[in-house]
Every structure is written in structure tokens, then in C-alpha cells.
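Before any comments, here is the structure.
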Amino acid sequence: MVSPLRPGLCMVEIGGIGYRVSVPMSDWEELARGGEHRLWTFTYVREDRLDLFGFLERTTFQLFEQLIEQPGIGPKTALELCSVPRNLLTLAIQTEDYNILTQVKGIGKKTAEKLLLELKGMAEKHPDIFQAAGGKQQAGSTAIDHDAIEALKNLGFAAPSILHALQHIPNECSTTEERVTAALRSL
């Protein structure tokens, strides 16, 4: 049984024991709807900590594994990147726009530039991990409105939630103001 605790965190009960598992925001939203779910889990062990990270899709789990192998990317940053809609990661790779990656907490310009090169290599080796769940393309516009992202960040929202919300707004929202308003309805 999986119970959402707070955004990005859930409790998985197995045999009467509860395990706290960090999940990408997109997965947390699905878990919050209820129902039975299977999680792919990754155990991160260091001298001073043991953390569990869970994913609804195997491809997200694989992306996470690839990301934490990159220098300067820890599990929390990798989890934030896994929350970014896949078509935005693909767009960043195709357009070589590292600014998309700098919207993620913990990623600055230099890290984003290096990560973009690594993502390009990952996409060539493992193109399946950059597809949406079930191999489907995600809905929404592929254009990035950096002003809308900044406006929503200034209102206190996290980058993965913002990017997810902006990907699911109607295509007829053409101005920054319309995009911000539509995204606020879903945040």
C-alpha cells in the first residue's frame, strides 16, 4: 500500500512496516489519486544515510540511475530532473538549450552545460528513457516560456511542478499571462 505524505514523499507499507520513499512530483501526483501501484525503488546508501527513491515507470528509474552516475548530480538533483517532463528534456537536448536545465533546483549554468552533453549521450545510448510513460508522447506545447517559469518561481512554486503544469496547459494559451494563469489553476 502506498500513501502520499507530502509532495514528493510517500509511505510504502510492506508487511506492516512503513518505508518513506521519495518520488518525482509527476509520480506523486499519480500516487495521490489512490489505487494500487508498483514502484521501482532505488536504495541510496552512504555512511550517514539510507534513502529510498521510487518510480512508477521503469524508464524513469533508469533515467535516475543514469543521472546519479554523472559528476555533480546527487540523488536529490536526479530526482528533481526526473520530475521534468521528458519532452522538455528532449527539447533541451535537441535545441542545446541548457537554460531549461537551470530551472531545476541545484543546477547552475556550468552544471547544466555539462549535463546537457551527458543527456545527449544518454539519449543516443538509451532513447527509450526519454519517452513518456508507455512510449507515448506527452501532451502540451514544446515551447518554453522562461518568463512564465520565472513568474511562477517567484510565487514560490518548485521548478518541476512548474514545468509539469506548463506542459499540461491548453495550446491556445499564447501569452505569458495566460500560461501563468492556466498553470496556477493546476498548481
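Just so it is clear, none of the values below were taken in a lab; they were calculated from the coordinates. Please read all numbers here as calculations on a predicted model, not as lab measurements. Here the Cβ is made from the backbone with ideal geometry for all residues, glycine too, and neighbour counts use every protein chain on show.
Compared with the alpha-carbon gap, the fully stretched path from H168 to L155 is longer by 2.8 nm at 0.36 nm per residue.
Around the amide H of G18, modelled in the peptide plane, lies no amide H under 5 Å away from a residue 5 or more places distant or on another chain. Scanning residues 5 or more positions from L39 or on other chains, none has an amide H under 5 Å from its amide H, with H placed 1.01 Å from N in the peptide plane.
Take every pair of alpha-carbon atoms less than 8 Å apart whose residues are at least six positions apart; their mean separation over the length of the chain yields a relative contact order of 15 percent.
Both numbers refer to the Cα atoms of segment 146-186; Rg and Dmax are 8.9, 25 Å. With Cα atoms as the point set, the chain shows a radius of gyration and Dmax of 16.4, 51 Å. When the label point is put 7 Å from the Cα of R46 along its Cα-to-beta-carbon vector, which residues of segment 63-106 have a backbone N closer than 19 Å? Under cut-off, by backbone N: 64-82, 105-106.
Between L187 and H37, full extension at 0.36 nm per residue minus the direct alpha carbon distance yields a gain of 51.7 nm. Ignoring lysines fewer than eight residues from K125 along the same chain, the ones with Cα atoms less than 30 angstrom from its Cα are K76, K105, K109, K110, K114, K136.
Using the alpha carbons alone, the radius of gyration of segment 1-77 stands to its Kirkwood radius in an Rg to Rh ratio of 0.96.
Remark on segment 49-111: Rg and Dmax equal 11.8, 38 Å (Cα only). Taking the Cα centre of the chain as reference, the dipole from Cβ charges on Lys and Arg (+1) and Asp and Glu (-1) amounts to some 280 debye. Measuring r between the beta carbons of K120 and M11 and using R0 = 30 Å, the FRET efficiency lands at 0.20.
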